[in-house]
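The values are calculated or read from the model by the stated rules, or taken from the named source; none is laboratory data. All figures in this text were calculated on a predicted structure; none of them were measured in a lab. Positions of Cβ are generated from backbone atoms using ideal geometry, with glycine treated the same way; all protein chains shown enter the neighbour counts.
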Amino acid sequence: MREVVVRIEFMTPCLGNLKKVMKSNRGGDWTVYYLPRTPDGQVRLEQAWWSGKLSFAAEVLCRHQRDIKYVTFEVAVDGKANDKINKFYKRYITGKRYVRHECFAPGEVIGVNCVVPSSIPNDDFWRIMENVGKFRGISPFGKREDGFGHFKVVSVMDKKREDAKA
């Protein structure tokens, strides 16, 4: 097993799913969806959201179907979503009605730390992650058919250990 850092660039918005009803000073309420957070404020992408997608991607690649289930992702990601509500993504429901979602916008790059079995080389893991990004995407909100959270892989690198001796 080894630690790997995967940098991904979103091609479609990765939308938040935590609903919060806001009170308007003009009367009426409106809904905003936020990205899930860790207790220290970092955006969270759960292990369970990756697992099935990785299995699918390994099948597409026709390699590592057995070992892919041992890949473990760190929950917190290295990336900051824009927290200004006027910059949130507007998901239209009907005509002029929409709800706002905090999101990672297209073009934003985040880092995801994970532990990968030694039997899966970085080149193959890159291809697996590319398949996840192309066919399934990663987004707390919505289903695969909605097209949210699709990404391309920027890099896959072994994580440098700070405690390693030089």
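Points worth noting:
Yes or no, residue by residue, for (1) under 17 Å from ASN131 (Cβ atoms); (2) free of Cβ contacts under 8 Å to residues at least 40 places away in the same chain; (3) not in a loop (DSSP other than H, G, I, E, B):
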{"position": "VAL4", "(1), (2), (3)": "yes, no, yes"}
{"position": "ALA48", "(1), (2), (3)": "no, yes, yes"}
{"position": "LYS53", "(1), (2), (3)": "yes, no, yes"}
{"position": "GLN65", "(1), (2), (3)": "yes, yes, no"}
{"position": "ASN82", "(1), (2), (3)": "no, yes, no"}
{"position": "TYR98", "(1), (2), (3)": "no, yes, yes"}
{"position": "CYS114", "(1), (2), (3)": "yes, no, yes"}
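- Across the stretch 1-29, the qualifying residues are those that are more than 12 Å from the chain's Cα centre (by Cα) and surrounded by 13 or more Cβ atoms within 10 Å (Cβ to Cβ), and the one among them that is farthest from LYS87 (Cα to Cα) is ARG2.
- Single match in LYS152, LYS69, LYS160, LYS134 (criterion: part of a loop (DSSP other than H, G, I, E, B), on the phi < 0 side of the Ramachandran plot and either aliphatic (A, V, I, L, M) or surrounded by fewer than 19 Cβ atoms within 10 Å (Cβ to Cβ) (or both)): LYS160
- Within the set GLY137, GLY95, GLY52, GLY133, the sole residue that is within 18 Å of LEU15 (Cβ to Cβ) and at pLDDT below 95 turns out to be GLY137.
- Under the condition of being in contact with a Ser or Thr (Cβ under 7 Å, 6 or more places away or on another chain) and among the aliphatic types (A, V, I, L, M), the residues counted in the stretch 32-82 number 3.
- Of the listed requirements (1) out of contact with any Lys or Arg (no Cβ under 8 Å at 6 or more places or on another chain); (2) within 16 Å of PRO13 (Cβ to Cβ); (3) not in a loop (DSSP other than H, G, I, E, B), ASP123 misses just one: (2).
- Residue list for the stretch 65-87, filter: of a type outside the set (Val, Ile, Thr) and in contact with a Phe, Trp or Tyr (Cβ under 8 Å, 6 or more places away or on another chain): PHE73, GLY79, ALA81, ASN82
- Count of the stretch 137-149 residues which are assigned to a helix (DSSP H, G or I) and in contact (Cβ under 8 Å) with a residue 60 or more places away in the chain: 0
Each row is one residue, and each column tells you yes or no for (1) of a type in the set (Gly, Ala, Ser); (2) in contact (Cβ under 8 Å) with a residue 40 or more places away in the chain.
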residue: THR12; (1), (2): no, yes
residue: LEU15; (1), (2): no, yes
residue: GLN42; (1), (2): no, no
residue: VAL71; (1), (2): no, yes
residue: LYS87; (1), (2): no, no
residue: CYS103; (1), (2): no, yes
residue: PRO106; (1), (2): no, yes
residue: GLY111; (1), (2): yes, yes
